[in-house]
Amino acid sequence: MSANDLIKTGERVAVAKSQMTVTPPRDWNKLSQRVGKKAETWTLDGERLNDISFFANIAPGEPLLRERSKKHDPLPKLQPNSLLTDIPEFLEGTYRSYHGLAVFNLGSSSPAKFMGEPAVRFSYEYVTPDELTRKGEAIATLRNGSLFMITFDAPKLHYFERNIEDYRALVATAAMN
């Protein structure tokens, strides 16, 4: 068992084993367990309370998360012809399959800039199998056909509204090295 790592305020760090970096405006905890080869998750108060996930360099033909069973329970793969407007549905399909969700609703979606590139910012809400309603916000860009995305998921009650600005402040520091 490995311990979580403290990511200190003002410390520029590479995320998800990539060239994407962020400089957190406050301390975060990087979870030791990785949800995918090209992903990592940070939290403020504990896993599943206010999670930021970084996805970097997801190439066409790859899933966002580590597959449990490619044969019996495959996850959606990034398509070679994916557009920014396809990314919200890609995340939805991944979450539905990976987390066994019956309810997942995409909210608003708008053009944005992320790491100096055209991007899509979108919101979503879903109900977990244990009937907890979670809200999320994500920003994503495609660079040379590969996906770079940062998501924020938290329980709708209390944690989402309390920490959404912490997520947005962190996203604003994202850059490619």
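Just so you know, all these numbers are worked out from the coordinates, no wet-lab data involved. Just so we're clear, the structure is a prediction, and the values are computed from it rather than from any experiment. Positions of Cβ are generated from backbone atoms using ideal geometry, with glycine treated the same way; all protein chains shown enter the neighbour counts.
Using θ = phi - 60° and the Karplus curve 6.51 cos²θ - 1.76 cosθ + 1.60, what whole-Hz ³J(HN,Hα) does each residue of region 127-139 get, with Gly and Pro shown as x?
Per-residue couplings from phi come out as 10, 6, x, 8, 6, 9, 7, 10, 10, x, 9, 9, 9 Hz.
Non-local amide H neighbours of Arg66 (under 5 Å, H modeled in plane, Pro and chain starts lacking H): which ones?
Amide H neighbours of Arg66: Gly36, Lys37.
Treating the beta-carbon of each Lys and Arg as +1 and of each Asp and Glu as -1, no other charges, what is the dipole magnitude of region 5-176 about its Cα centre, to the nearest 20 debye?
Once rounded to the nearest 20, the dipole reads 500 debye.
Along the Cα→Cβ direction, 7 angstrom out, place labels at Thr21 and Thr85. What is the inter-label distance in nm?
My value for the distance between the label points is 3.6 nm.
Let's test the formula: R0 of 30 Å, r as the Cβ-Cβ distance of Leu157 and Gln33. What FRET efficiency results, to the nearest 0.05?
0.75
Under a 10 Å cutoff between Cα atoms, tell me which one of Lys70, Lys30, Lys38 has the largest fluctuation in the Gaussian network model of the chain.
Among Lys70, Lys30, Lys38, the largest GNM mean-square fluctuation belongs to Lys70.
Using amide H atoms built 1.01 Å from N in the peptide plane, name the residues 5+ places from Asp45, or on other chains, whose amide H lies under 5 Å from its own.
Excluding prolines and chain starts, which carry no amide H, the hits are Asn50.
Relative contact order for the chain using alpha-carbon pairs under 8 Å, separation at least 6, rounded to a whole percent?
The normalised contact order for the chain reaches 21 percent.
Once phi is turned into θ = phi - 60°, what whole-Hz ³J(HN,Hα) does the Karplus curve with 6.51, -1.76 and 1.60 give for every residue of region 142-153, x standing for Gly and Pro?
Along region 142-153, the couplings run 10, 10, 6, x, 9, 8, 10, 8, 10, 10, 10, 10 Hz.
Would you mind computing, in nm to one decimal, how far apart the modelled labels at Arg96 and Leu132 are, each placed 7 Å from Cα along Cα→Cβ?
2.3 nm
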